[in-house]
Amino acid sequence: MVVARKELIRDGEMGTYHVRGRVVRRAFLCGYDAFTNKNYDYRKTWIKHRLKYVAKQFAVEVGGYSLMSNHTHYILRIRPDIALKWSSEEVAKRWWDLYPKRRDSLGNPAEPKDYELDQILFDKDTGQEKGLLEVLRVRLMSISWFMKALNEYIARKANREDGCTGHFWEGRFKSTALLDQAAVLACMAYVDLNPIHAGIATTPEASDFTSAQERVQAKMGKEKLKFLRAKYEEKARKGNKVNELQNEIVKFNIQATGENWLSPLAKSPLDQPPTAIPPLLNMDLDDYLELLDWTGRQHRQDKKGQIPEELEAILKRLEIETESWLKTVKQFDSLFHRVAGKVRSIKKAAQACGGKWFAGLAGAKSAFN
C-alpha cells in the first residue's frame with residue numbers, strides 16, 4: 001500500500017513530522033564545495049534565520065533541526081489550536097509578513113497600511129470578509145506552505161548570489177510522520193547527532209547549526225545569568241560600579257533566551273491557559289541532553305557500552321528497548337520511510353488511511369517494535 005504524503009500530513013490536524021531536503025546534484029552548496037573551491041557555510045545562517053522567521057509566522061513548532069552542507073533536517077509539529085485562536089486581522093498580518101507587497105530600505109517587510117490589510121481581508125465589491133481568509137489560516141498551519149516559505153526564499157537568495165537560475169533544492173521535501181513520543185525522541189536524537197554521525201563534530205555542544213547546540217548554549221547562558229545577577233546584587237548593595245556586569249548580563253540574557261523559538265520539550269508556554277495538548281517529549285531538557293550526550297559518545301567510539309540506569313529509566317518510560325536504541329538512532333532514516341512509531345501506532349495510522357500497513361516501512365528491528 002503506497003500512501004500519498006497528503007494522506008499523512010493533513011492540514012489542520014495536529015501531528016509531528018521529520019522533514020528533510022537536499023540541494024541539487026548532491027553538491028555542498030551550504031558548505032565547502034570542492035568543485036568550485038568555495039565555502040558556503042554562511043548559507044546555513046541564512047537558513048537558520050529564515051527558519052526562525054517562518055516559525056514565528058506559522059502555527060508550526062520547530063522541535064529540532066540540523067543544517068548540513070548538502071541537506072537539512074527539521075522536526076515540525078502542526079498546532080491548529082494556535083491558528084484557530086488568531087483573529088482575521090492577525091491572519092492577514094502574518095500572511096503579509098510572509099509575502100509583503102512592499103519592503104523597507106533594508107529589504108524587510110514594510111509595516112502594512114490599513115488599506116493593504118483590507119485588500120487581504122475584505123472583498124472590494126461586497127465589503128464582506130473574504131472566504132480566502134480561512135484558506136490563508138489553513139495555509140499558516142500547513143507544513144507544505146511552511147517549507148515553501150522557507151526553501152523558496154533560500155533558493156532565490158542563493159541563485160541571486162550565484163548569478164544563475166534553476167533549482168537549488170533537489171525536489172520537494174521528504175517527510176516521515178512521527179506517531180508517538182518514542183518516535184519523536186529517536187528522531188530528535190538522530191537529527192541532533194547528524195554532525196557526529198558525519199564525523200564533523202565530537203559532541204552535541206560542538207555540533208554547529210543544530211537544535212542540540214542551541215539548547216545547550218541556552219542552558220549555559222541561564223546558569224551564567226543566574227551567577228551574574230547574584231554578583232550584580234552583591235556589588236550594588238556595596239555601592240560598587242556595576243556597568244561592566246550590566247553589559248555581561250545583557251549578553252548572557254540573549255544567549256539564555258536563544259532557544260525560546262524552539263518547541264519546549266516538556267510543556268509549551270504557548271498553551272495559555274494550559275490545554276490538553278501533549279508536550280513534544282515527556283522529559284525535561286537535562287534528561288534529553290544527557291541521553292543525547294551518551295548516545296553520541298557510543299556512536300563516535302563505535303561501541304555499544306552500558307547505558308546508565310537513569311537513562312535506561314527514561315527509555316523504559318517511553319517503552320523503548322534499550323538494546324536497540326543506538327541502532328535506531330543511527331539508522332533512523334533507513335529504518336523508517338513514511339511513518340515511525342510503535343507497532344500499535346503504525347497500525348492505527350494505517351487504518352486511518354484505509355489500509356492495514358504502510359508500504360516502505362523497513363522490516364529491520366527498531367527500538368520500539
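The values are calculated or read from the model by the stated rules, or taken from the named source; none is laboratory data. Fair warning: this is a prediction, and the values are worked out from it, not measured in the lab. Positions of Cβ are generated from backbone atoms using ideal geometry, with glycine treated the same way; all protein chains shown enter the neighbour counts.
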Residue list for the stretch 183-212, filter: within 17 Å of the chain's Cα centre (by Cα) and of a type in the set (Gly, Ala, Ser): Ala183, Ala186, Ala189, Ser207, Ser211, Ala212
Taking only the stretch 321-341 into account, find how many residues are touching a residue at least 40 places away in the same chain (Cβ under 8 Å) and either in a loop (DSSP other than H, G, I, E, B) or under 12 Å from Ala183 (Cβ atoms) (or both). 10
Could you please find all residues in the stretch 327-369 being among the hydrophobic types (A, V, I, L, M, F, W, C) and modelled with pLDDT of 85 or more? Val329, Phe332, Val339, Ala340
Those residues that are of a type in the set (Gly, Ala, Ser), at pLDDT below 90 and part of a helix (DSSP H, G or I), I need them from the stretch 199-217; list them, please. Ala206
Of all residues in the stretch 104-117, how many are surrounded by 10 or more Cβ atoms within 10 Å (Cβ to Cβ) and over 14 Å from Tyr53 (Cβ atoms)? 7
Is the stretch 257-275 home to any residue that is in a loop (DSSP other than H, G, I, E, B), crowded, with 18+ Cβ neighbours inside 10 Å and at pLDDT below 70? yes
Matching residues in the stretch 63-98 - criterion: being more than 19 Å from the chain's Cα centre (by Cα), in contact (Cβ under 8 Å) with a residue 40 or more places away in the chain and more than 14 Å from Glu134 (Cβ to Cβ): Asp97
Could you tell me how many of the residues in the stretch 123-142 are in contact with a Ser or Thr (Cβ under 7 Å, 6 or more places away or on another chain) and modelled with pLDDT of 90 or more? 0
Taking the conditions exactly as written (touching a residue at least 60 places away in the same chain (Cβ under 8 Å), buried (at least 16 other Cβ atoms within 10 Å of the Cβ) and not in a strand (DSSP E or B)), does Ile196 satisfy them or not? yes
Could you tell me whether the stretch 219-228 includes any residue that is closer than 30 Å to Ile320 by Cα and touching a residue at least 40 places away in the same chain (Cβ under 8 Å)? yes
Among the candidates Lys113, Lys157, Lys148, single out the residue that is touching a helix residue (DSSP H, G or I) at 6+ places or on another chain (Cβ under 7 Å) and basic (Lys, Arg). Lys157
Those residues of the stretch 156-193 which are of a type in the set (Gly, Ala, Ser) and buried (at least 17 other Cβ atoms within 10 Å of the Cβ) amount to Ala158, Ser175, Ala177, Ala182, Ala183, Ala186, Ala189
